[in-house]
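One structure below.
The values are calculated or read from the model by the stated rules, or taken from the named source; none is laboratory data. Computed from a predicted model, the values in this text were never measured in an experiment. Ideal geometry is used to build each Cβ from the backbone, glycine not excepted, and the neighbour counts take in all protein chains shown. Just so you know, the surface numbers come from the protein's heavy atoms only, side chains and all, with ligands and any DNA or RNA stripped out. Shrake-Rupley method; radii C 1.70, N 1.55, O 1.52, S 1.80 Å.
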Amino acid sequence: MARSERTHRETHRVRRLFAPLPALLLLFAMATYGSHALSFTADEPLHLIAGYAFLQEGKSSIWMMDIHGHPPLVNAWSALPVYIAEPNIPLASLYGWGWDVHVLEQAALQHFVPPERYEAAARIPIVLLTIVLAAAVYRWALDWWGMAGALTTVGVLIFDPTLLAHGRLTTTDVGLVSLGTVATICTIRWWRCQRWRYAVVLGVLLSAVSLAKASGVLWVAALALSSAAVGLWRRKPLRFWGQGLAIGVVGLVGIWAFYGFSIGSVGAFPVPVPAASHWRAVLMQTDSVDHRLVFAFGQRKTGRWWWYFPAAFAIKNPIPLIVALMASLARLWRMRLPAERLIAIGVWPSLYTVLAIGIGMNIGYRHMLPVHPWIALTIGGGAAWWHQSCGRHREVGKLFMQRAAMLGMSIWYVVGTLRVWPYEVAFFNELVGGPDQGHRYLVASNLDWGQGYKALRSYIDRTADDRRPMLSANYRTLPPTLYGVDADRLPPGEATQNLAAPLHPAPGLYALSIMSVQLGWPADQDLYAWFRELEPTARLGYSFFVYDVREPPVGWVAQCTVPTGPLTAHQIAEGFGSNEVRVIPFDCSQSWIYPAVGGYAGAYALHADHVQQREGVLWRQPRRPVPTDPFLQRRLSDARLSADLGRGTSTRPGLVLYEHVRSPTMPESTSVILQAAEQTAEAAKVNARLPVSFDGGLDLEGVIAYPDQSVYVVETWWRVASSSAFPARPFSIMGHLLLEPGQVMVGDGMGVANQDLLPGDRIVQVHRFSAVDGQVVWFRAGVYWLDTLDRWSCSSMPDADAVFVRLGPSE
């Protein structure tokens, strides 16, 4: 009987240990097969080369850390298969060795061809670390929550898009999380029983965490603070604090030993310190945050936003994951958990998040990956409680509804991740419209990290024509030729040609990385602003936007001079690629112009003061600039926003550009009275219809009223009919509102200089009046010379010099 019970226990233990094996195999398959579709991301080649250099040259390669900014432990692990297969790549003799790691990277990449071979070899070690992470978290959850909670935990983890995205890349993110999670499990066990073997192992693990990535110091700091909280809360004895000090000493000695017990200077610190290269790398990464250009929610800046990681958490995680986390936290908060579990679940992730927000790098949500094992563990705890409570439920209907809801959320979670496989790096949830809209909120490693070169190569081969594509790839030194992408290079990067006519690029095929489009680079953040407002022809791997530009060059630029003309003549010629562009200054507060030259293919330039402030919102796309004046809104309704350059520079103010894509909607013809302006309209009879020609060379084509509660607006539409340009004699458009009895409101004006007008141009003049209520409204229009105030006669009736239009009572 005892043997049977022992056998049963042994079988149960083995079943518990091997239960997650199918899930781990699925994780391995998704990670490895998915990596075949991805080209090297921006950081992978340098990580691979740094690790290979450390394996080949040892301490003499440490100089790379001062520029690369990453300790070599995980890099060396990922480069190990490549080094075993090809140990003789002569890195130390390549150009750039010893002084510039990015120049060295360019030279070394010539030895890593074809790249697909090295991708697979260098990524497998990271995939194995991802498996170790999932297995460790499963074992952790098994101790805490039992089988149901552990299986839920590992299920949440393997379909976590952030973990899947970075669990197959040759970077240091998952290496840090794997080692850090194992160190955390060891820390929790040490909290329960202070044994010296745990303390020594923990010290070694903490040194490994620090050597995995520069930000490992955040992990170690959070664990140290959590341990102090446990010691104070549970009033641990002196042994606890003594072993804690020993753990710190072992960790520091482990870091020092890894660097061969070297000593050197660190910044302005007055004395040499052990493992100086390591601390210089940590400081370099911390200092670099203030110099990195970051795009988030339509904004661009260098430095940090306190809200970056919270906002990224809300849109970069599946909604079912967030809901399950909130529900599990609420449930576990009401349970009487041991102090160690409360601190591990609540204090450590909170401390790490606070440290990441305060001193972390706002360049990617991947820097919050360390809290994801805790998210999965917390959801596993909530699932374990729910599983236990289901056994006690006696209401069949309520139990069925709960299970159906859980099943639906689980399917949503799994399908939501699989629908972007293998491009999980681009995952965005439904709050912002999914990955197709993610570029409006975050870029860089949140979306476009260079993973789309293979997709771009396939697209070019599939749609080959006589046009040579123009390519912009904002991925530091990763060359497109590594993947056989043959194209003319556009900025950023060395050996690139300038983008001709950036305010309206010439026809051609443009392949632009999403990061280039949204971020630009510090030297010119708005070089690709025109493309930001254009729907791409193709989207490749959530990494490249392809634009098949066929629009002809613009024939004119109409520039509003209020409060000032935003572009100089040189900027217009350079921005639109021609010195022959017709430039028309006008006052958009009182007039609008539709030039005839070039048809309606032209652009309007307005100072940023004419549009309302833009701000991002979480649940929809960041707001587009909208003109504040209703008159401008009406006139721009037929135009397309072509560039939002709202941020001014040292050479120009902020502005917005609109391009006309179709002819304006003309007002309908209406009946009018032609007579002398001094006469009244009440007794007259209708004797004409618009349009009406005036002998000075203008045709009145339409009159439209826009009554409002606070203002009464009338727009008159005019067309230049003269066969030659106007003489240098200024004129104005007459616009009078006639009220009963004999009251006249004057709204004359002209916002375009006569010397800037050409035959065929259309002018819309706005006449603003005080609001009138319940009165018959007549409008009197005409034209007169400003120097003599002589009015122009109507061509069809020489005795008439005014047009009367009944607009009806004010509404």
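I'm checking my understanding of the structure. Among residues of region 218-235 that are more than 42 Å from the chain's Cα centre (by Cα) and touching a residue at least 40 places away in the same chain (Cβ under 8 Å), which one is least open to solvent (accessible area, probe 1.4 Å)? Per the criteria, the residue is 234. Hey, can you tell me all the residues within region 33-58 that are small (Gly, Ala, Ser), in a helix (DSSP H, G or I) and crowded, with 24+ Cβ neighbours inside 10 Å? Listed by number, the residues that qualify are 50, 51, 53. Condition first: surrounded by 14 or more Cβ atoms within 10 Å (Cβ to Cβ), touching a strand residue (DSSP E or B) at 6+ places or on another chain (Cβ under 9 Å) and without any contact (Cβ under 8 Å) to a residue 60 or more places away in the chain. Now tell me which residues in region 253-294 satisfy that. Selection gives 253, 255, 256, 264, 266, 273, 274, 275, 276, 279. Among the residues of this structure, residue 630 counts as one that is within 39 Å of the chain's Cα centre (by Cα) and open to solvent by 10 Å² or more (accessible area, probe 1.4 Å).
Exactly one residue among 457, 539, 468 is open to solvent by 20 Å² or more (accessible area, probe 1.4 Å), under 30 Å from residue 37 (Cβ atoms), part of a loop (DSSP other than H, G, I, E, B) and not acidic (Asp, Glu), and that residue is 468.
Return yes when residue 484 is surrounded by fewer than 19 Cβ atoms within 10 Å (Cβ to Cβ), over 25 Å from residue 308 (Cβ atoms) and touching a helix residue (DSSP H, G or I) at 6+ places or on another chain (Cβ under 8 Å) and no when it is not. Yes; evaluated as a whole, the condition is true for this residue.
Among the helices (runs of 4 or more DSSP H) confined to region 295-353, the ones with at least 3 residues that are surrounded by fewer than 20 Cβ atoms within 10 Å (Cβ to Cβ) and over 21 Å from the mean Cα position of the chain (by Cα) are located at 319-334, 339-342. Considering every residue within region 558-572, establish whether at least one is among the hydroxyl-bearing types (Ser, Thr, Tyr), open to solvent by less than 20 Å² (accessible area, probe 1.4 Å) and modelled with pLDDT of 90 or more. No, region 558-572 contains no residue that is among the hydroxyl-bearing types (Ser, Thr, Tyr), open to solvent by less than 20 Å² (accessible area, probe 1.4 Å) and modelled with pLDDT of 90 or more.
Filtering region 419-453 to residues that are free of Cβ contacts under 8 Å to residues at least 60 places away in the same chain and not basic (Lys, Arg) leaves only 434. Over 25 Å from residue 484 (Cα atoms), loosely packed, with under 15 Cβ neighbours inside 10 Å and among the β-branched types (Val, Ile, Thr) - does that describe any residue in region 79-89? Yes; the residues of region 79-89 include at least one that is over 25 Å from residue 484 (Cα atoms), loosely packed, with under 15 Cβ neighbours inside 10 Å and among the β-branched types (Val, Ile, Thr). All of (1) touching a Ser or Thr at 6+ places or on another chain (Cβ under 9 Å); (2) open to solvent by 10 Å² or more (accessible area, probe 1.4 Å) hold for residue 164 with one exception: (2). Look at (1) of a type in the set (S, T, N, Q); (2) surrounded by fewer than 19 Cβ atoms within 10 Å (Cβ to Cβ); (3) at pLDDT 90 or above and you find that residue 680 fails only one, number (3). Would you check if residue 307 is out of contact with any strand residue (DSSP E or B) (no Cβ under 8 Å at 6 or more places or on another chain), at pLDDT 85 or above and either on the phi < 0 side of the Ramachandran plot or not basic (Lys, Arg) (or both)? In short, yes.
Against the test of being within 25 Å of residue 120 (Cβ to Cβ) and open to solvent by 50 Å² or more (accessible area, probe 1.4 Å), the options 489, 462 yield a single qualifying residue, 462.
Taken residue by residue, region 494-512 has no member that is in a helix (DSSP H, G or I) and at pLDDT below 90. Applying the condition of being open to solvent by 70 Å² or more (accessible area, probe 1.4 Å) and of a type in the set (Val, Ile, Thr) to region 659-677 and asking which residue is farthest from residue 781 (Cα to Cα) yields 661. Candidates 182, 174: the one that is assigned to a helix (DSSP H, G or I) and over 21 Å from residue 340 (Cβ atoms) is 174.
For (1) closer than 30 Å to residue 36 by Cβ; (2) touching a Gly at 6+ places or on another chain (Cβ under 8 Å); (3) not aromatic (Phe, Trp, Tyr), each residue gets a yes or a no:
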site: 487; (1), (2), (3): yes, no, yes
site: 506; (1), (2), (3): no, yes, yes
site: 515; (1), (2), (3): yes, no, yes
site: 523; (1), (2), (3): no, no, yes
site: 556; (1), (2), (3): no, yes, no
site: 562; (1), (2), (3): no, no, yes
site: 570; (1), (2), (3): no, no, yes
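Kindly establish whether residue 612 is modelled with pLDDT under 90, in contact with a Pro (Cβ under 8 Å, 6 or more places away or on another chain) and surrounded by fewer than 20 Cβ atoms within 10 Å (Cβ to Cβ). Considered against the rule, which asks whether it is modelled with pLDDT under 90, in contact with a Pro (Cβ under 8 Å, 6 or more places away or on another chain) and surrounded by fewer than 20 Cβ atoms within 10 Å (Cβ to Cβ), residue 612 comes out as yes. Scanning region 542-571 for residues that are touching a residue at least 40 places away in the same chain (Cβ under 8 Å) and in a helix (DSSP H, G or I) turns up just one, 571. In the set (1) of a type in the set (A, V, I, L, M, F, W, C); (2) in contact (Cβ under 8 Å) with a residue 60 or more places away in the chain; (3) not in a helix (DSSP H, G or I), the condition left unmet by residue 89 is number (2). Note on region 104-139: residues that are over 24 Å from residue 371 (Cβ atoms) and either outside any helix (DSSP H, G or I) or free of Cβ contacts under 8 Å to residues at least 12 places away in the same chain (or both) total 6. Could we say that residue 95 is closer than 30 Å to residue 260 by Cβ, at pLDDT 90 or above and not in a helix (DSSP H, G or I) here? So residue 95 fits the description; yes. Looking at 375, 363, which is the one that is closer than 21 Å to residue 177 by Cβ, in contact (Cβ under 8 Å) with a residue 12 or more places away in the chain and either small (Gly, Ala, Ser) or in a helix (DSSP H, G or I) (or both)? Among 375, 363, only 375 is closer than 21 Å to residue 177 by Cβ, in contact (Cβ under 8 Å) with a residue 12 or more places away in the chain and either small (Gly, Ala, Ser) or in a helix (DSSP H, G or I) (or both).
Within region 389-397, can one find any residue that is modelled with pLDDT of 80 or more, open to solvent by 50 Å² or more (accessible area, probe 1.4 Å), within 25 Å of residue 144 (Cα to Cα) and out of contact with any helix residue (DSSP H, G or I) (no Cβ under 8 Å at 6 or more places or on another chain)? No; the residues of region 389-397 include none that is modelled with pLDDT of 80 or more, open to solvent by 50 Å² or more (accessible area, probe 1.4 Å), within 25 Å of residue 144 (Cα to Cα) and out of contact with any helix residue (DSSP H, G or I) (no Cβ under 8 Å at 6 or more places or on another chain).
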